[in-house]
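A.B. asks: So that we are looking at the same thing, I have put the structure below in structure tokens.
The values are calculated or read from the model by the stated rules, or taken from the named source; none is laboratory data. Values in this document were obtained by computation on a predicted structure and should not be read as measured data. Please note: Cβ atoms are built from the backbone with ideal geometry, for glycine as well, and neighbour counts cover all protein chains shown. Heads up: the accessible areas ignore ligands, DNA and RNA and are worked out on the full protein's heavy atoms, side chains in. Shrake-Rupley method; radii C 1.70, N 1.55, O 1.52, S 1.80 Å.
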Amino acid sequence: MIKRLSILFFLSFSTTITAQTTSPEKFLGFAPGSDKKLADWTQITNYFTLLSQQSPRVNTVEIGRTTEGKPIVMAIISSARNLKRIAEIKEAMHLLADPRLITVSEKDSLIQVSPTVTLINCSLHSTEIGASQFSMQFAYNLAKDNSKTTRAILSRTVCLLIPSSNPDGHNFVVDWYRKTLGTPAEGSYPPGLYHKYAGHDNNRDWFMLNLQETKVVTKVLYKEWFPQVIFDMHEMGSEGPRLVIPPQFDNSNPLIDPIIHQEIRNISDFILKELTDQNVTGIATNTVFDMWWHGGFRTAPYFHNMVGVLSEVASSRLATPDTIKRSQRYFTSTNPGAQDGILKNTLKPWSGTIWRLADIVNIENISARALLEVLARGRKTVLDNFYLMGRRAIDQGLQDSSQGYVIPFEQHDPSSAKKLLEILMAQGIEIYKASPVDEADVYTGKPGFYIPTAQPYRSNILCLFEPLKYPKVSLRPYDITAWTLPYQMGVSVEKIDTFPKETERIVENEVQWPVEVQLMDDAHYFALDPRSNDTYRVVQKLLEADIPIRRIYDDSTGLPNGVGAGWFLVDADVWSQDMLQRLSHTNSLNITSVYAIDSIETRPCRKIKLALLEACTGNIDQGWTQFVLDTYEIPYDNLQNCDLKTEEIVLKYDAIILPSISARSLMWGERSSPVQSKPGSNRPVGLGVDGLDKLQSFVRAGGTLISFGEAAKSIASLFELNMQNIIHPFNGFSAPGSLLQISLKQENPLCYGMPAKTAIFYNNDPAFIVQDGDVVGRYEANDSFLSGYIKNGEILEERAAMVCSDYGKGKVVLFGFRPQHRGQTFSTFKLVFNAILSSNATFEWYPLHPPPTEE
């Protein structure tokens, strides 16, 4: 039994505010939403700081820092009385989120006196700029308005308002807009990514938590505030409805509690009523966006018993008004897509022609106000449902035939297993460590980390661990169909029928994976296990420190402890044992001592001069590739495809990585991007014929070209390699973002450290019939499907998924999938690392010292 809270706040109306409160218009010199005016991040944060100083209803706090070091701020908006008792309110939300901590009577007492908590997130996608501007006006309205309704709302709700969860991108877009005002590029989206690594995919990271911004907000959601409702404000294309709100279309993940659906409908119905009462037209529901996908800002909370509400408003040309032609898509009933999709679900079509940023701000003000009002009105029900969903999850977990999962200590890649534990704990999942025997030396179960399903976030555990089967319906998934983490990360996970008696709960940020470190004082060499992704980070650190490293290329070495092909050797005289112990545990890799009698075939590892070929107009897959390289501290240069110079790349680089990109975009740039990559510039935005010739010359001269996904198909065609892609739209095949399995040619150096079979992320990528080239990875004759959705999967049988092909003195490595997809596919990272390390290396015979003799 826990100590009862002494929550002393009351849900009475707040007192009237009479102090001077500065409006955004006065502060900025223009009203938020004005034509051709945008507030940058400094202006926004300064305004919220001022508002906090002037109003007892607003408290602005910094919740963390961005990837590039900017502050992420959150305004806490409520009655003055509530803001004085923030600690008590947060604790109340924590207790309601975990029914194991309180009795039913304590729950009832908390609900009687607690406000609801909702989080409103603005402009996660930085080109969807309207919500960031709305946030200032909305906060001001709540701080200033003394109407009875507003005071009631503030007494019964706490609003957590994030003006932008991507401040880096916000300034990137605002700077571009200001720079292009009055030019042909005015109102266009800037070339390049508005998040350093993810671009638009910053809303695809909410279960993997790779990005700094995601980690910051996740802590607010599942560790600090536990809001009942998340309102995620976005914008969509300008040619359709003016607004799309829930309910979503029918493909729903079965692990979502039915109460979520009920709450979404109640909230959306009220928002819809308020909008129509204020003559907003062009509102569509039950279209485009589904509830299957886990990893979005508003979808991940579904699996934490939180209601995610999505708002998608039609975009303008940033702050420049947009003229919408009636003949455009979705506005004519003769458009089949409109008839079958969006148009038929639009309540009253919009009849205007000019769409402004002010229209976006107006819709978002009405919607957010309506959200708070409906939560204030249904306060007790919302809080009770929040508690009930947690209670149902715990009870269901106790009734499950499987009581949970164990992640055994023995793993192919301990570093990825450790990462899996870390991201689960960051999302509020409880994990326990169990040894194989108890104090009486009695066997109690497999040694490992145990995850019981009888906890409030049971749905999150199941959704991340279990294989998924997307419904076979005609509706295309909004995003991908599969993300099963044990497959994606190459981690062995087993179901358990009973939970061990003797366990120890693991504390976040204190996970230590048990690795094998065998250090002998008289060893001549230390060998690093290539099965751990983290080994490659250590290798890079040693190379940067000019410490000699060699790699074994002989699988019949006769060395102990499984040391063989792919292992890295470092002279024992170079390292201290203390340094080895520290590197091993920090990076989760196995290290063993080595002696040898015979010579073994090795190659020296050296610093690879690597370039990442970057599209001049920006490429999300390139951003994620950069993220993986930075994470594992692999040095590289960014090389723009429109700036290739033969002499530079031949003399300076050993390998070039080409992320997923279509042949057309690679050669000529993105169709939707501005013609210029800089205002007033006429340079090409693709390789062009000359650039392709330079890239081919680089490989012919001995370079290695590594291509991912769609780029593999592009290079196979543009380089006229002797292979054919067999995936075409007309053959009825489809696997939209699924997890498949391939077998690997383990003796190939590209596969060192890999298991015989691995899961890959596949999104209708190429598969090859190969006449000339080494097939490194292949789909098997039987079913390769693991999770998600696949149609006519037999087309893939025995086709090549990964190929290495000679080209002149160099080679081309073709990945018919994305081995670094969104920084999530830990199971295939090593294939990329090996491709880099094996570029332009030569064999040498390496005589090792003889073993010590017995005295």
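A.B. asks: Amide H to amide H under 5 Å from Gly404: which residues, 5+ apart in sequence or cross-chain, H placed 1.01 Å off N in plane?
C.D. replies: Amide H neighbours of Gly404, under 5 Å, 5+ apart: Thr453, Ile496.
A.B. asks: Between region 794-834 and region 484-502, what is the C-alpha centre distance in whole Å?
C.D. replies: So the separation of the two Cα centres works out to 28 Å.
A.B. asks: A further question on this structure: With a 1.4 Å probe and all protein chains left in place, how much accessible area per residue does region 691-844 have, in Å²?
C.D. replies: On the way: 5060 Å² over 154 residues.
On a per-residue basis, 33 Å².
A.B. asks: In straight Cα distance, which lysines are under 22 Å from Lys325, not counting same-chain residues fewer than 8 positions off?
C.D. replies: Answer for Lys325, where 22 Å is the Cα cut-off: Lys36, Lys344, Lys348, listed by chain and number.
A.B. asks: When Lys and Arg each count +1 and Asp and Glu each count -1, what net charge do the other residues less than 11 Å away from Asn725, Cβ to Cβ, add up to?
C.D. replies: Summing Lys/Arg as +1 and Asp/Glu as -1 gives 0.
A.B. asks: Ok, one more. Using θ = phi - 60° and the Karplus relation 6.51 cos²θ - 1.76 cosθ + 1.60, list the HN-Hα couplings for region 636-652 in order, rounded to whole Hz, with x at every Gly or Pro.
C.D. replies: 7, 10, 7, 10, 6, 5, 8, 10, 5, 10, 3, 4, 5, 6, 5, 7, 9
A.B. asks: At 1.4 Å probe radius, can you tell me the per residue accessible area of region 543-659 in Å²? Write out the running numbers ahead of the final one.
C.D. replies: Details: 4540 Å² over 117 residues.
Per-residue accessible area for region 543-659 comes out at 39 Å².
A.B. asks: If you don't mind, another one. With each run of n ≥ 4 DSSP H residues scored as -39500 (n - 2.57), what mean residue ellipticity at 222 nm is computed for the chain after dividing by its residue count and rounding to the nearest 500 deg cm²/dmol? Can you show the working numbers first?
C.D. replies: Values: 24 runs with 263 residues, N = 855.
-9500 deg cm²/dmol, from helical runs alone.
A.B. asks: Next up: Expressed as a whole number of Å, what is the distance separating the alpha-carbon centroids of region 17-91 and region 521-576?
C.D. replies: 53 Å
A.B. asks: For region 442-540, just say rounded, prolate or oblate: build the C-alpha gyration tensor, square-root its eigenvalues into a ≥ b ≥ c, call rounded for a/c under 1.5, and beyond that prolate if a/b exceeds b/c, oblate if not. Intermediate values should be presented prior to the final figure.
C.D. replies: On the way: a/c = 2.91, a/b = 1.47, b/c = 1.97.
Verdict is oblate for region 442-540.
A.B. asks: Let me ask you something else. 7 Å from Cα along Cα→Cβ at both Met520 and Leu101: what's the point-to-point distance in nm?
C.D. replies: My value for the distance between the label points is 5.2 nm.
A.B. asks: Still on this model: Starting from 0 in steps of 20 Å, tell me what percent of the Cα-Cα pairs of the chain lands in each bin.
C.D. replies: Calculated over all Cα pairs of the chain, the distribution is 14, 44, 34, 8, 0 percent.
A.B. asks: Sort 184-192, 125-133 for me by packing, meaning the mean count of neighbouring Cβ atoms within 10 Å per residue, highest on top. Provide the component values of the computation, followed by the final result.
C.D. replies: Numbers: 184-192: 19.1, 125-133: 26.2.
Order by mean packing, descending: 125-133, 184-192.
A.B. asks: Among 514-520, 75-81, what's the highest-first ranking by average C-beta atoms within 10 angstrom per residue? It would help to have the intermediate numbers written out before the result.
C.D. replies: Details: 514-520: 15.6, 75-81: 23.4.
The peptides rank, most packed first, as 75-81, 514-520.
A.B. asks: State whether region 601-669 is rounded, prolate or oblate according to the following rule on the C-alpha gyration tensor (a ≥ b ≥ c being the square roots of its eigenvalues): a/c under 1.5 gives rounded; otherwise a/b larger than b/c gives prolate, and the remaining case gives oblate. Could you put the intermediate results ahead of the total?
C.D. replies: Values: a/c = 2.31, a/b = 1.46, b/c = 1.58.
Note, shape of region 601-669 comes out oblate.
A.B. asks: Among the listed pairs Lys90/Lys501; Lys745/Lys809; Lys609/Lys811; Lys219/Lys469; Lys223/Lys433, which have their C-alpha atoms separated by more than 25 angstrom in this model? Provide the component values of the computation, followed by the final result.
C.D. replies: On the way: Lys90/Lys501 32 Å; Lys745/Lys809 23 Å; Lys609/Lys811 16 Å; Lys219/Lys469 30 Å; Lys223/Lys433 21 Å.
Long pairs (Cα-Cα over 25 Å): Lys90/Lys501; Lys219/Lys469.
A.B. asks: Rounded to the nearest 5, what % of the DSSP beta bridges within the chain are antiparallel ones?
C.D. replies: On the way: 72 of 114 bridges.
Counting DSSP beta bridges with both partners in the chain, the antiparallel share is about 65 percent.
A.B. asks: Right, another one. Classify region 695-792 from the C-alpha gyration tensor, please: rounded if a/c falls under 1.5, else prolate or oblate depending on whether a/b exceeds b/c. Kindly include the intermediate steps, with their values, before the conclusion.
C.D. replies: Values: a/c = 2.10, a/b = 1.30, b/c = 1.61.
Oblate shape, in that a/c is at least 1.5 and b/c is the bigger or equal ratio.
A.B. asks: Show me the helices of the chain, taken as full DSSP H stretches, that run 27 Å or more along their long axis by Cα and average 0.5 or above in Kyte-Doolittle hydropathy. Intermediate results must be reported in sequence, preceding the final value.
C.D. replies: Details: long enough: 258-277 (29 Å, -0.14); 357-377 (30 Å, 0.81); 379-399 (30 Å, -0.53).
Helices passing the filter in the chain: 357-377.
A.B. asks: Continuing with this model, one more query. Please sort 385-391, 812-818 by packing, taking for each peptide the average over its residues of neighbouring beta carbons within 10 angstrom, highest first. Show your work: numbers first, answer last.
C.D. replies: Details: 385-391: 21.7, 812-818: 26.9.
Averaged packing, sorted descending, gives the order 812-818, 385-391.
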